[in-house]
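The next block holds one structure in the form of structure tokens; read it before the comments.
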Protein chains: 2
Amino acid sequence: MTDSKPAAGASARPSRGGKRERLASAAARVFHQQGVERTTLSDIATAADVPLGNVYYYFKTKDQLVGAAIGSHLDGLRAATGELDRLPAPADRLKALIGGWIDQRETAARFGCPFGTLATELDKREDGLDRAAAEVMRALITWVEGQFEQMGRGADAHDLAIAFVAAYQGMAVLTNVLRDPEVMSVQGRRLADWVDTLA
Amino acid sequence: MTDSKPAAGASARPSRGGKRERLASAAARVFHQQGVERTTLSDIATAADVPLGNVYYYFKTKDQLVGAAIGSHLDGLRAATGELDRLPAPADRLKALIGGWIDQRETAARFGCPFGTLATELDKREDGLDRAAAEVMRALITWVEGQFEQMGRGADAHDLAIAFVAAYQGMAVLTNVLRDPEVMSVQGRRLADWVDTLA
DNA sequence: GTCTATACGGCGATAGAC
DNA sequence: GTCTATCGCCGTATAGAC
């Protein structure tokens with residue numbers, strides 16, 4: 001009854017076995033591949049290996065599942081930047097981030113940026129979900145901004161961070177639309193070179 | 001009976017009054033604001049001021065309406081580049097294009113790039129619609145590439161064109177997600193400055 | 001060619017047995 | 001806490017009168 005493992009997620013509902021989180025990450029994955037609107041709860045249940053009817057025990061509505069998927073992306077972002085923070089030089093952290101994006105180029109070619117495409121889809125709506133997505137994007141921008149500050153660009157760190165993230169989102173869109181992973185490789189190298197000019 | 005005005009669209013079905021084209025451009029507009037999946041045929045019929053049942057006389061399926069919306073975007077692109085081609089200097093044409101995007105910043109803040117968000121949404125699907133969208137994107141890239149060639153960058157004109165369009169798509173995504181038109185202004189100026197360094 | 005009424009299917013959500 | 005059966009709505013698409 002008294003439960004254990006609240007888990008390190010954005011939300012902290014208990015429930016042993018991590019079924020809730022399995023659903024959340026499955027939702028994030030399937031939403032990425034199919035889009036939110038074309039994904040049925042049945043799709044997610046299948047992907048998470050949870051019986052359909054049981055989904056409603058953990059998430060009362062589909063929108064709550066979307067919210068959980070956003071939280072899942074935030075967790076992933078925190079984990080990734082946490083790793084990058086172990087590198088000594090901020091410019092290297094940014095370039096390692098780009099390297100990670102390039103490594104994911106095949107996925108990006110087929111489905112786009114996992115978070116960017118989700119945020120874009122949610123932005124067509126009026127409910128609070130779009131704002132939740134904006135927070136995650138802002139978290140990334142803030143982290144990048146911190147790197148530029150450490151590189152001695154205190155004055156325009158914010159605009160540089162926007163430019164950096166925008167560059168990634170843009171190359172992800174074209175990689176996806178053109179179905180060409182090479183776009184990510186070439187443009188990613190371009191972005192890395194730009195970081196070097198600022199170091 | 002014998003009909004007139006095939007109209008200058010991508011497709012060329014007749015039918016007086018331009019009802020078909022009114023439906024196509026209404027579709028493009030509503031798809032932009034609501035996304036394809038959340039838009040019903042009733043929404044489009046209302047926007048075009050055409051009775052719902054009558055829509056099926058012009059478009060047998062919703063997908064055909066999506067195709068027509070893509071065609072509508074292509075028409076708009078051709079019209080825009082046609083205007084820009086009247087400017088003497090290629091660098092000025094690119095900067096004028098950016099200026100147009102900045103002028104649309106309020107719309108971009110609310111709904112994103114009219115074509116980029118559509119292409120992104122269609123890319124989650126497997127039917128041919130995504131490829132049709134890719135063609136429009138490619139048409140823009142090709143036109144931009146031509147400008148860079150005229151600026152004497154024959155060697156890397158293609159990569160520069162990809163970078164240019166990606167920069168726009170990226171700033172559009174962030175403008176939209178952050179709901180901040182200023183992002184488009186600031187980053188648009190950045191992009192224009194970059195064009196100047198290549199001129 | 002125009003428009004209304006309606007069939008059909010799918011999906012989100014609920015009831016309730018276990 | 002788990003799972004099945006099912007309801008009710010909504011959106012695409014069609015039939016067919018005008």
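Every number in this text was worked out from the coordinates using simple rules, so none of it is lab data. Values in this document were obtained by computation on a predicted structure and should not be read as measured data. For neighbour counting, all protein chains shown are included, and Cβ atoms are generated from backbone atoms with ideal geometry for every residue, glycine included.
For the stretch A:161-199, run through the trypsin sites (Lys or Arg not before Pro) and keep only the ones in DSSP coil with at most 11 other Cβ atoms within 10 Å of their Cβ. Sparse-neighbourhood loop trypsin sites (Lys or Arg not before Pro): none present.
Using the 10 angstrom Cβ neighbour count as an exposure proxy, how do B:Asp159, B:Asp127 rank, fewest first? Could the numbers behind the result be given before it?
Details: B:Asp159 17, B:Asp127 11.
In order of increasing Cβ crowding within 10 Å: B:Asp127, B:Asp159.
Per residue, chain B reaches -23500 deg cm²/dmol at 222 nm when only DSSP H runs of four or more residues are counted, each adding -39500 (n - 2.57). Checked against a 30 Å cut-off, the cross-linked pairs A:Lys19/A:Lys95; A:Lys60/A:Lys124; A:Lys95/A:Lys124; A:Lys62/A:Lys95; A:Lys60/B:Lys124; B:Lys62/B:Lys95 give Cα-Cα distances beyond that limit for A:Lys19/A:Lys95; A:Lys95/A:Lys124; A:Lys62/A:Lys95; B:Lys62/B:Lys95. Each copy carries a label point for B:Arg179 at 7 Å from Cα toward Cβ; from one copy, the others' points are 3.6 nm away, ordered from shortest. Distances between copies at A:Thr142, taken between label points 7 Å from Cα along the C-beta direction, are 4.5 nm in increasing order. All alpha carbon pair distances within chain B were sorted into 5 Å bins beginning at 0; the resulting P(r) in whole percents reads 1, 7, 15, 17, 18, 16, 11, 8, 4, 2, 1, 0. Counting neighbouring beta carbons within 10 Å and listing from fewest to most, the residues A:Asp49, A:Asp75 come out as A:Asp49, A:Asp75. Taking chain B as a Gaussian network of alpha-carbon nodes connected by springs under 10 Å, the highest mean-square fluctuation of the residues B:Glu106, B:Glu182, B:Glu37 belongs to B:Glu37.
Normalised by the empirical 2.2 N^0.38 Å for globular proteins, what value does the Cα Rg of the stretch B:110-196 take?
Numbers: Rg = 14.2 Å, N = 87, 2.2 N^0.38 = 12.0 Å.
My calculation over the Cα atoms of the stretch B:110-196 gives 1.19.
Here the contact order of chain A, divided by its residue count and restricted to Cα pairs under 8 Å and six or more residues apart, works out to 22 percent.
Hydrodynamic analysis of the stretch A:65-139 uses the Kirkwood radius over alpha carbon pairs. Inserted into Stokes-Einstein at 10 °C and 1.306 mPa s, it gives a translational diffusion coefficient of 118 µm²/s. For helix A:19-34, report the angle its Cα long axis makes with the longest principal axis of the Cα atoms of chain A; keep it between 0 and 90° and round to the nearest 10°. For helix A:19-34, the angle is close to 60 degrees.
At a 10 Å Cβ-Cβ cut-off, how would you order B:Asp123, B:Asp92, fewest neighbours first? Let's see the in-between values first.
Values: B:Asp123 24, B:Asp92 15.
Sorted ascending by nearby Cβ count, the order is B:Asp92, B:Asp123.
Looking at the stretch B:13-70, the trypsin sites (Lys or Arg not before Pro) that sit in a DSSP loop and have at most 14 other Cβ atoms within 10 Å of their own Cβ are B:Lys60. Each semi-axis of the equivalent ellipsoid for the protein assembly as shown is √(5λ) with λ an eigenvalue of the Cα gyration tensor; in descending order they amount to 35, 31, 16 Å.
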